[in-house]
């Protein structure tokens, strides 16, 4: 595997790490229950721990994408991949429902803000959807770090959303972190709840999802798809006209950040659709890609943002030409194959066999007194749909989930606990 720059990670330090986590030698099966801790296999090495964290990522991915009941809890009468229900994480709270204009208090956990008026949606969510909520409003067309939009091979802008689970949402509401005045009154740094294995309690979870509009040449049977209001947000870029259309979109990128007991830097898991992009320096063997065209003489430069102005309403924008910079590790590829086999065995037509784990970033020295990032492994981690233009292995420049989020602050300048979401808070009365 590609080892991180952790020359200080001794066998003794790894043993200390293992003593704080559950020990196991068994293979985990598909389950709708979110893991509360890392199951550590012995003997403990850096490679074995990477495997254990990757297993944690797959367990989380499976539980989050399990079909859900109307209350958002997993439907244990079904298995992952069966159609008809929204999945668990789709019942989480979208950021647009948390950080409101004028710093207003967000609606309750089971309530939702109406879509923008341009979406012309009835107030009764059940009219439009069988899952008990209005279809998602995808109102972000720029990647989370505002490095530029991502354009698919049909010339359509990729759309993004950020969601939180109830533990994270409740912490924001209870401490009035949804507006700037509340953040300025808050004493100390933000500190979202961690998992508690002894009480079977979930910790804070944050999801970042990337979606592409289904269009010509897209095989919908190979994507997890939903109906969503695709909204061109005039507040995102100058000159964009507000417009909204209900469209079918397919999942192409999926970040999971989990606050796990003993890991204050969170655990960062990232998944992608298997047809997103080829790996740099390797043959482009797929018949087609979501974000790459083989043998292309007139394509844009690889991994280069499109020129401004950025306007998602522009028809047939020049597609992005994307390559993965850091190859998926061989051991992670083998684990992906194992879980794909399990998913197919559980449900032969499972759409989830078309998604793969890129890697998991975790702190090798979570309690370090000198490095607040906890000496993360691997050192760099990027999703081709969420960090397209900052892939690589250059410190302070390339994508590192922990390294980047370590800089996150609230609007009062205090540490935001590895999330930039709190910077979205507006001042009370601000329009």
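The values are calculated or read from the model by the stated rules, or taken from the named source; none is laboratory data. Not measured: the values here are computed from a predicted model. Note that each Cβ is placed from the backbone with ideal geometry, even for glycine, and that neighbours are counted across all protein chains shown.
Restricting attention to the range 46-70, the residues that are touching a residue at least 40 places away in the same chain (Cβ under 8 Å), part of a loop (DSSP other than H, G, I, E, B) and surrounded by fewer than 18 Cβ atoms within 10 Å (Cβ to Cβ) add up to 1. Annotation note: of 64, 138, the sole residue that is modelled with pLDDT of 75 or more, touching a strand residue (DSSP E or B) at 6+ places or on another chain (Cβ under 8 Å) and closer than 27 Å to residue 406 by Cα is 64.
Restricting attention to the range 71-88, the residues that are crowded, with 18+ Cβ neighbours inside 10 Å, under 21 Å from residue 37 (Cα atoms) and over 15 Å from the mean Cα position of the chain (by Cα) add up to 1.
The single residue among 289, 229 that is touching a helix residue (DSSP H, G or I) at 6+ places or on another chain (Cβ under 7 Å), more than 30 Å from residue 369 (Cβ to Cβ) and in contact (Cβ under 8 Å) with a residue 12 or more places away in the chain turns out to be 229. Given the options 322, 353, name the one that is surrounded by fewer than 21 Cβ atoms within 10 Å (Cβ to Cβ) and either in contact with a strand residue (DSSP E or B) (Cβ under 8 Å, 6 or more places away or on another chain) or within 24 Å of residue 290 (Cβ to Cβ) (or both). Result: 353 is the single residue among 322, 353 that is surrounded by fewer than 21 Cβ atoms within 10 Å (Cβ to Cβ) and either in contact with a strand residue (DSSP E or B) (Cβ under 8 Å, 6 or more places away or on another chain) or within 24 Å of residue 290 (Cβ to Cβ) (or both). Scanning the range 281-292 for residues that are under 25 Å from the mean Cα position of the chain (by Cα) and at pLDDT below 95 turns up 286, 288.
This table checks each residue for (1) out of contact with any strand residue (DSSP E or B) (no Cβ under 6 Å at 6 or more places or on another chain); (2) assigned to a strand (DSSP E or B); (3) at pLDDT 95 or above; (4) buried (at least 16 other Cβ atoms within 10 Å of the Cβ).
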{"site": "149", "(1), (2), (3), (4)": "no, no, no, yes"}
{"site": "169", "(1), (2), (3), (4)": "no, no, yes, yes"}
{"site": "177", "(1), (2), (3), (4)": "yes, no, yes, yes"}
{"site": "182", "(1), (2), (3), (4)": "yes, no, yes, yes"}
{"site": "189", "(1), (2), (3), (4)": "no, no, yes, no"}
{"site": "198", "(1), (2), (3), (4)": "yes, no, no, no"}
{"site": "203", "(1), (2), (3), (4)": "no, no, yes, yes"}
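Residue check: residue 286 meets all listed conditions (1) loosely packed, with under 15 Cβ neighbours inside 10 Å; (2) in contact with a strand residue (DSSP E or B) (Cβ under 6 Å, 6 or more places away or on another chain); (3) under 29 Å from residue 60 (Cβ atoms) but one, namely (2). Residues in the range 254-283 that are in a loop (DSSP other than H, G, I, E, B), touching a helix residue (DSSP H, G or I) at 6+ places or on another chain (Cβ under 9 Å) and buried (at least 18 other Cβ atoms within 10 Å of the Cβ): 261, 275, 277.
Residue 154 meets the conditions (1) under 28 Å from residue 253 (Cβ atoms); (2) more than 22 Å from the chain's Cα centre (by Cα); (3) part of a loop (DSSP other than H, G, I, E, B); (4) at pLDDT below 90 in every case but one. The failed one is (4). Taken together, 331, 341, 348, 377 contain a single residue that is in contact with a helix residue (DSSP H, G or I) (Cβ under 7 Å, 6 or more places away or on another chain) and either surrounded by fewer than 16 Cβ atoms within 10 Å (Cβ to Cβ) or under 29 Å from residue 87 (Cα atoms) (or both), which is 331.
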